[in-house]
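Novice: Got a structure here, written out as structure tokens. Questions coming.
The values are calculated or read from the model by the stated rules, or taken from the named source; none is laboratory data. Values in this document were obtained by computation on a predicted structure and should not be read as measured data. In this analysis, Cβ positions are derived from the backbone assuming ideal geometry, glycine residues included, and neighbour counts consider all displayed protein chains.
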Amino acid sequence: MSDRAAIEQLARIVGIEVHYTDTFGHSHKVSDETLRALIATFGLPPDPAVARRELADRQRRAPLGLGPVHLVDATGVATWLSPA
Amino acid sequence: MTPPGLPLGYHRLDLEAGGVAAQLGLVVVPACCHLPAELGPGARNWGLTGQLYGLRSTRNWAMGDFTDLARLACAAGSYAAVTLGINPLHALFAAEPLHFSPYAPSSRTQIDYLYIDVTAVPGFAEDETARALIEGERFAVTLGAARAAGLIDYSAVAACKRPVLEALFRRFQTHELDAEGAAKSDLGRAFREFQRDGGQSLVDFAVFEALHEHYCREGTGFSWRDWPAPVRNPRSPEVAKFATAHHDRVEFFQYLQWEADRQLAAAAVAGCEAGLSLGLYRDFAVGVDPDGAEAWADQELIASGASIGAPPDAFNRAGQNWGLAPVNPMILQQQGYAPFIAALRANMRHAGILRIDHVMSLNRLYWIPSGMEASAGAYVSYPFEDLLRLVTLESHRQACAVIGEDLGTVPVGLRKAMRSAGVLSYRVLVFERGHDGSFVPPAEYPPLAAASVATHDIATLKGFWLGRDIAWRRRLDLYPDADAAEADERERRRDRLLLLDALVSEGLLAPERAGQFLSANGDPAFSTELRDAIITYLARSRARLMLVQLEDVVAEIEQANLPGTTDTHPNWRRRMSYSLEELVSGADLPRVAALAKDGRLRSAKG
């Protein structure tokens, strides 16, 4: 995996958009420098591979692999319990 | 499926599988926000909006306060407005009155104490120390100068209010609490109860205020990041020791919150009794100042090393850095969204409507790494579905309708999601255009919307017509080059024609009258006739709620805030040209109210 691909993959995992379209309709590619700086604000190590492992560890440590809170519609199906 | 019969709200689920036990929060949410009949299908109502701090009155202390709010709410109610919208009341920095932007607060769960009407605090009339203070020469000189000024002098307002509030707190301690601090009266008990309800978040805020005051006085600087290491941590023994040693001071800041909450509640009740059926509409800022109480109290939640803003757009070609601290979405989720829920509740309190500023923040925010240009940021996603559902639940629980400010770059699908959640879209006259730039006809406004003539961030009606915003941008050198300024001016000339066309085609302006608003040399002219036509135009829209700014009622030329400027322009400091007494007894408010009511009755159905 190229450096850029590894950074993009990690950015996507934490929810950073690697491209965006501005109000004029122009598409912008977010620079490596910005992505690295923002990933660091999530408290993750700079090496994308190490950071991914750390995120996976956090996920495994969650009891039963479940997040702390789940929202369900009073009227609908609880999507978090339905089979994937 | 949801366990049958589980009511709306927050539940705790205990799970066990394979010998592993886990607890998780289960939140049962309604499909839709609270929507009272006033905002229900077919409704056509109107509301007044204004900047509370900017109200001028013969009795206030050089800045709008909660007694002014009550009076204005009553006036609005008497003219059949359903709501009175105000700027965010979030707590700013008591130790540094020069940080006065209501959209860059220290805490969004607390209220700014400068809105307290000191003369309405229980005990004021009987307190001799308070009386001696306000009868003193220093007070007279400071208040006199602040009252005469065209702009708010926040330091002077604080210098007048603070010593008197301190005296009233000492009186409160003597009269309502015993030597051990136990309540000995109804007021004392109400205060203790408020503290209990406020919990850790109120304590943290008050301790921060005391610490901030201490270190600002010592010259350590404005930011808690410059404090000695032990007190940067809110849970350190040193902070606990400080809080004990400064117990009275910490309690003073809680007392201010209690009094602010009591006066805000009184204003809301007064408005409702005068016919303001939905009461107040409060505004919820998009974030907090990184140097403030909330950022200090939960340093894990607030991502350091970045701030939020916006990428370059037509209005700000270099992008914008708002200097606000972003919330780390992963930590927010880990905390079960508790800080978000608490902030919503705090701002729905004593309100019938909550306006969420920059509602896109539920979906994504533009983060700019520290030290980088505003154009070098990136969008960070937030758990939109969850946050929107929490908004619907809290709206329901607090019986508070929600407006989402959806101006600017709106992600695909966001407005649809807002609609299905019963969140009103926020539409502003000058932004509602067809592809050819023409103004959207009233009948084509969406029904589930709050349609406003203007906002605090754009030119007032008169300012728009006369190009005041463009003139300011030119004067402050905000345009990248002369071409950009000329392009804006060309566009404005065209906009005036388009707006006149729209008014003529709705039959609100005779074609032969239109020319008088554009003089022969191309300089525009503004009059109340034009204001009336524009207000009627918007009143006829299909939007269930139509909003008029107080500034536009009396045709002010200056806007509250000029985006892209901070200290080079007097943002958040403008006082209304007319006093509240003049507004209430003058001809403009009844005129605008009558136009709004009449226009609403004739508005397009559907």
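Novice: Would you check if there is a residue in the stretch B:276-293 being among the hydroxyl-bearing types (Ser, Thr, Tyr) and either on the phi > 0 side of the Ramachandran plot or within 14 Å of another protein chain (Cβ to nearest Cβ) (or both)?
Specialist: Within the stretch B:276-293, not a single residue is among the hydroxyl-bearing types (Ser, Thr, Tyr) and either on the phi > 0 side of the Ramachandran plot or within 14 Å of another protein chain (Cβ to nearest Cβ) (or both).
Novice: Restricting the search to the stretch B:502-524, which residues are in a loop (DSSP other than H, G, I, E, B) and in contact (Cβ under 8 Å) with a residue 12 or more places away in the chain?
Specialist: Those that are in a loop (DSSP other than H, G, I, E, B) and in contact (Cβ under 8 Å) with a residue 12 or more places away in the chain: B:Glu506, B:Leu508, B:Leu509, B:Gly522.
Novice: Oh, and also: Name, by its number, the condition in (1) over 23 Å from B:Tyr255 (Cα atoms); (2) loosely packed, with under 15 Cβ neighbours inside 10 Å that does not hold for B:Ser223.
Specialist: (2)
Novice: Quick one: is B:Ala417 more than 13 Å from every other protein chain (Cβ to nearest Cβ), within 21 Å of the chain's Cα centre (by Cα) and either touching a residue at least 24 places away in the same chain (Cβ under 8 Å) or within 23 Å of B:Tyr281 (Cα to Cα) (or both)?
Specialist: The answer is no for B:Ala417.
Novice: For the stretch B:447-501, give me each residue that is in contact with a His (Cβ under 8 Å, 6 or more places away or on another chain) and in a helix (DSSP H, G or I).
Specialist: B:Trp472
Novice: Is it the case, given these coordinates, that B:Ala37 is closer than 22 Å to B:Gly599 by Cβ, more than 14 Å from every other protein chain (Cβ to nearest Cβ) and surrounded by 23 or more Cβ atoms within 10 Å (Cβ to Cβ)?
Specialist: The answer is no for B:Ala37.
Novice: Sticking with this structure for a sec: So in the stretch B:332-377, with the set limited to residues that are among the basic types (Lys, Arg) and in contact with a Phe, Trp or Tyr (Cβ under 8 Å, 6 or more places away or on another chain), which one is farthest from B:Ala267 (Cα to Cα)?
Specialist: My answer is B:Arg364.
Novice: I'd like the full set of residues that are more than 8 Å from chain A (Cβ to nearest Cβ) and either of a type in the set (Phe, Trp, Tyr) or not in a strand (DSSP E or B) (or both), limited to the stretch B:9-34.
Specialist: Selection gives B:Tyr10, B:Gly18, B:Gly19, B:Cys32, B:Cys33, B:His34.
Novice: For residues in the stretch B:368-389 being among the aliphatic types (A, V, I, L, M), at the interface with chain A (Cβ under 9 Å from one of its Cβ atoms) and out of contact with any Gly (no Cβ under 9 Å at 6 or more places or on another chain), which is surrounded by the fewest Cβ atoms within 10 Å (Cβ to Cβ)?
Specialist: Ranking the qualifying residues of the stretch B:368-389, first place goes to B:Met372.
Novice: Condition (residue is farther than 26 Å from B:Arg474 by Cα and either outside any loop (DSSP other than H, G, I, E, B) or modelled with pLDDT of 95 or more (or both)) applied to the stretch B:558-568: is it met by at least one residue?
Specialist: No, the conditions are met nowhere in the stretch B:558-568.
Novice: Name every residue in the stretch B:127-136 that is outside any loop (DSSP other than H, G, I, E, B) and buried (at least 16 other Cβ atoms within 10 Å of the Cβ), in order of residue number.
Specialist: Hits for the stretch B:127-136 are B:Ala130, B:Leu133, B:Ile134.
Novice: Conditions first: (1) crowded, with 20+ Cβ neighbours inside 10 Å; (2) more than 14 Å from every other protein chain (Cβ to nearest Cβ). B:Val440 passes all but one, so which condition is the exception?
Specialist: Checking B:Val440 against (1) crowded, with 20+ Cβ neighbours inside 10 Å; (2) more than 14 Å from every other protein chain (Cβ to nearest Cβ), the one that fails is (1).
Novice: Given the options B:Tyr281, B:Tyr255, name the one that is under 18 Å from the mean Cα position of the chain (by Cα) and of a type in the set (Phe, Trp, Tyr).
Specialist: So the residue among B:Tyr281, B:Tyr255 that is under 18 Å from the mean Cα position of the chain (by Cα) and of a type in the set (Phe, Trp, Tyr) is B:Tyr281.
Novice: Further, regarding this structure: I'm trying to understand the selection: among the residues of the stretch B:330-382, which are basic (Lys, Arg) and in a loop (DSSP other than H, G, I, E, B)?
Specialist: Scanning the stretch B:330-382 gives a single hit, B:Arg349.
Novice: Sticking with this one: Starting from the stretch B:317-344, take each residue that is of a type in the set (Phe, Trp, Tyr) and list its partners that are part of a strand (DSSP E or B), counting only C-beta distances under 6 angstrom and pairs at least six apart or across chains.
Specialist: Cβ pairs passing all conditions: B:Trp322/B:Ile308; B:Trp322/B:Gly309.
Novice: State yes or no: is B:Leu6 over 30 Å from B:Met418 (Cα atoms), within 14 Å of chain A (Cβ to nearest Cβ) and not small (Gly, Ala, Ser)?
Specialist: Judged against the criteria, B:Leu6 is not a match.
Novice: Testing B:Phe124 on (1) farther than 25 Å from B:Tyr215 by Cα; (2) surrounded by 22 or more Cβ atoms within 10 Å (Cβ to Cβ), one condition comes back false. Which one is that?
Specialist: The number of the failed condition is (2).
Novice: Take the stretch B:546-601 and flag every residue that is over 19 Å from the mean Cα position of the chain (by Cα), β-branched (Val, Ile, Thr) and over 30 Å from B:Glu373 (Cβ atoms).
Specialist: B:Val553, B:Val554, B:Ile557, B:Val584, B:Val592
Novice: Tell me which residues, restricted to the stretch B:137-170, are closer than 17 Å to B:Ile116 by Cα and part of a loop (DSSP other than H, G, I, E, B).
Specialist: Residues satisfying the conditions are B:Ile152, B:Asp153.
Novice: Can you find, within the stretch B:569-604, the residue that is nearest to B:Pro442 (Cα to Cα) among those that are in contact with a Leu (Cβ under 8 Å, 6 or more places away or on another chain) and assigned to a loop (DSSP other than H, G, I, E, B)?
Specialist: Looking at residues that are in contact with a Leu (Cβ under 8 Å, 6 or more places away or on another chain) and assigned to a loop (DSSP other than H, G, I, E, B), I get B:Met576.
Novice: OK, next. Could you say whether any residue in the stretch B:47-57 is of a type in the set (Lys, Arg), away from every other protein chain (no Cβ under 14 Å) and either part of a strand (DSSP E or B) or crowded, with 16+ Cβ neighbours inside 10 Å (or both)?
Specialist: Within the stretch B:47-57, one or more residues are of a type in the set (Lys, Arg), away from every other protein chain (no Cβ under 14 Å) and either part of a strand (DSSP E or B) or crowded, with 16+ Cβ neighbours inside 10 Å (or both).
Novice: Test each condition in (1) in a loop (DSSP other than H, G, I, E, B); (2) surrounded by fewer than 24 Cβ atoms within 10 Å (Cβ to Cβ) for B:Ala81 and report the one that comes out false.
Specialist: (2)
Novice: Wholly within the stretch A:1-72, which helices (runs of 4 or more DSSP H) include no fewer than the required count, namely at least 2 residues that are at the interface with chain B (Cβ under 7 Å from one of its Cβ atoms)?
Specialist: A:32-41
Novice: Please state which of the following conditions B:Ala401 fails to meet, knowing it meets all the rest: (1) in contact with a Pro (Cβ under 7 Å, 6 or more places away or on another chain); (2) within 26 Å of B:Gly463 (Cα to Cα).
Specialist: (2)
Novice: Please go through (1) closer than 30 Å to B:Leu8 by Cβ; (2) within 14 Å of chain A (Cβ to nearest Cβ); (3) surrounded by fewer than 17 Cβ atoms within 10 Å (Cβ to Cβ) for B:Ala399 and return the number of the only condition it doesn't satisfy.
Specialist: (2) is the only condition that B:Ala399 fails.
Yes/no per residue for (1) surrounded by fewer than 19 Cβ atoms within 10 Å (Cβ to Cβ); (2) over 29 Å from B:Gly54 (Cβ atoms); (3) modelled with pLDDT of 95 or more:
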{"site": "B:Val428", "(1), (2), (3)": "yes, no, yes"}
{"site": "B:Glu432", "(1), (2), (3)": "no, no, yes"}
{"site": "B:Leu448", "(1), (2), (3)": "no, yes, yes"}
{"site": "B:Ala451", "(1), (2), (3)": "no, no, yes"}
{"site": "B:Ala471", "(1), (2), (3)": "yes, no, yes"}
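Novice: Here's something else I'd like to know. Please go through the stretch B:533-557 and pick out each residue that is over 18 Å from B:Ala76 (Cα atoms) and assigned to a loop (DSSP other than H, G, I, E, B).
Specialist: B:Arg540, B:Ser541, B:Arg542, B:Ala543, B:Glu556, B:Ile557
Novice: Here's a follow-up. Just one of the numbered conditions (1) over 17 Å from the mean Cα position of the chain (by Cα); (2) surrounded by 24 or more Cβ atoms within 10 Å (Cβ to Cβ); (3) farther than 28 Å from A:Ala40 by Cβ is not true of B:Trp296; which one?
Specialist: (3)
Novice: Quick one: count up the residues across the stretch B:317-340 that are under 22 Å from the mean Cα position of the chain (by Cα) and facing chain A (nearest Cβ under 10 Å).
Specialist: Number satisfying all stated conditions: 3.
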